[in-house]
Amino acid sequence: QEKLKLAEMFRQALTPNHVSSCESHAWGLADIISSLPPLNQKEFIQDLIKIGKHQGLRDIAKATTQRAIINLARENRTGATYFIAENLKRSESKDFKRYVIGILEDVTQALREDDRVIIADSVAPMVFDTDIHLVKTSLSYFSKNLSVLPTSQRYPYALMISGLSNDMSICLYVCEALDSM
């Protein structure tokens, strides 16, 4: 109960107009999240993600969110990471989607092998988006994480990405992604 009150205090202090204060409270919140009940963990992780809507706090938000996920017990990581991935469906902002994929890119490896597919499936539709920057970010995600997916699941993703090589606007990015895979 005391930790929940402390987390709530940190949340209240996440004011983007006070960058230094916001940063210190975000790190405090990231460190305490793992000791909260799973339902509250997701709620407070979402608060960390939200401060990333402010461009000046994006790096802090990304780092603190990743730390909060990594600090969770292994059995809670997948649920919290999938909760983050749901932002890809809920948000209309392409910029925010790129930010969320950047978070997912670095935490997918911390999940159990079979659970990594759930997150990859959430990112996969972004490869076909009309925004070239979102496509590039999605390809970067797969470049980094394809090798950590279960062996039986790698081929369909590689095939999906190689199918984009005919699109001249992203062909270079697709080739780079396939090469790094």
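The values are calculated or read from the model by the stated rules, or taken from the named source; none is laboratory data. Just so we're clear, the structure is a prediction, and the values are computed from it rather than from any experiment. Cβ placement follows ideal geometry from the backbone for every residue including glycine, while neighbour counts extend to all protein chains displayed. We work out accessible area using only protein heavy atoms, side chains counted, and drop any ligands, DNA or RNA first. Shrake-Rupley method; radii C 1.70, N 1.55, O 1.52, S 1.80 Å.
Summary of computed values
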read-out	value
Convex hull volume per residue for the stretch 86-144, taking Cα atoms only, in Å³	68 Å³
Accessible area of the chain belonging to carbon and sulfur atoms, whole % at 1.4 Å probe	53 percent
Per residue accessible area in Å² of the chain, where ligands, DNA and RNA are left out and the probe is 1.4 Å	49 Å²
Rounded to 10°, Cα long-axis angle of helix 38-50 versus longest principal axis of the chain	70 degrees
Candidates ASN71, ASN166, ASN40, ranked by Gaussian network fluctuation over the chain, Cα under 10 Å, top entry	ASN166
Stokes-Einstein D for the stretch 1-109, Kirkwood Rh over Cα pairs, 25 °C, 0.890 mPa s (µm²/s)	180 µm²/s
Coil-residue GluC sites (Glu not before Pro) of the stretch 47-97, DSSP, other Cβ within 10 Å capped at 15	GLU86, GLU92
MRE, 222 nm, helices only [DSSP H, n ≥ 4, -39500 (n - 2.57), over the chain, to nearest 500]	-22000 deg cm²/dmol
Dimensionless Rg ratio for the stretch 38-181, taking C-alpha atoms and the 2.2 N^0.38 Å reference	1.02
Coil-residue trypsin sites (Lys or Arg not before Pro) of the stretch 78-117, DSSP, other Cβ within 10 Å capped at 16	ARG112
Charge context of LEU172, other residues only, Cβ under 12 angstrom, K/R +1, D/E -1	-2
Over the chain, relative contact order from alpha-carbon pairs under 8 Å, at least 6 apart, %	14 percent
Residue among ASP167, ASP121, ASP31 with the largest mean-square fluctuation in a Gaussian network model of the chain, springs linking Cα atoms under 10 Å	ASP167
